[in-house]
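J.: Can you keep this structure in mind? I'll have questions shortly.
What follows is calculated from the coordinates using simple rules that are stated; it is not laboratory data. Everything numeric here is computed off the predicted structure, so don't read it as measured data. For neighbour counting, all protein chains shown are included, and Cβ atoms are generated from backbone atoms with ideal geometry for every residue, glycine included.
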Amino acid sequence: MSKRDLAKDLFISYKTGFIKKSKHEKNISNREVNLNPTDPQPISDVLKNLIQDREWQSGIAEGNLFANWENIVGAEIAEHTEPIAILEGVLTIRTSSTAWATQLNLISSDVLASLQASAPGALVEKLSIIGPQGPSWKRGIRTIRGARGPRDTFG
């Protein structure tokens, strides 16, 4: 059994437009494809192949979720919420107030179902809803233990 020289096969297929298939490739049909690589192709086909080859489906679905946030959750909810990040299947949503965070927590199962139906490739399994966050005076390079923070000099 001889090994195939992939570089040589790629060069020949590029020059002739003929793609040689191995006997061992069972998932590809037996028919030979004869395409001229210089023929124009629809851009949609080129982009579909690029997305599949580089496995960008989930990233594009997540980008569509962020871009179409208002259409997915509705105008009223979108006005008071903002998707922050998707990490390990958890979508983090920041709300404009703690009241909105509480209300969104109550309807989180409906929002999650809407997200999964609208962006099926995004892989959102859970929602993490947070309220607005103010600045923290407890951390930083100029923090002194036991001090009141930046307000202690205005005495």
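J.: Starting from the amide H of GLY74, placed 1.01 Å from N in the peptide plane, find each other amide H under 5 Å away whose residue is 5 or more places distant or on another chain.
T.: Those qualifying (amide H under 5 Å, at least 5 residues apart or on another chain) number zero.
J.: What is the distance, in nm, between label points placed 7 Å from the Cα along the Cα-to-Cβ direction at GLU125 and at VAL90?
T.: 1.2 nm
J.: Right, next: SER128's amide H: which non-local residues (gap 5+, or another chain) put their own amide H closer than 5 Å, with H modeled 1.01 Å from N in plane and none for Pro or chain starts?
T.: LEU91, THR92, ILE93
J.: Compute the length gained on full extension between ASN64 and ASP39: take 0.36 nm times their separation in residues and subtract their Cα-Cα distance, giving the result in nm to one decimal.
T.: Length gained, ASN64 through ASP39: 5.8 nm.
J.: Grab the Cα-Cα distance for LEU50 and GLU76, subtract it from 0.36 nm times how many residues apart they are, and report the gain in nm with one decimal.
T.: Fully extending the segment from LEU50 to GLU76 adds 5.7 nm.
J.: If you don't mind, there's one more thing I want to ask. Give, in nm to one decimal, the length gained when the segment between ALA117 and THR98 is fully stretched (0.36 nm per residue of separation minus the Cα-Cα distance).
T.: 4.2 nm
J.: Once the mean 1/r over all distinct Cα pairs of region 57-130 is inverted, what Kirkwood radius in angstroms do you read off?
T.: Over region 57-130, the inverse of the mean reciprocal pair distance is 12.0 Å.
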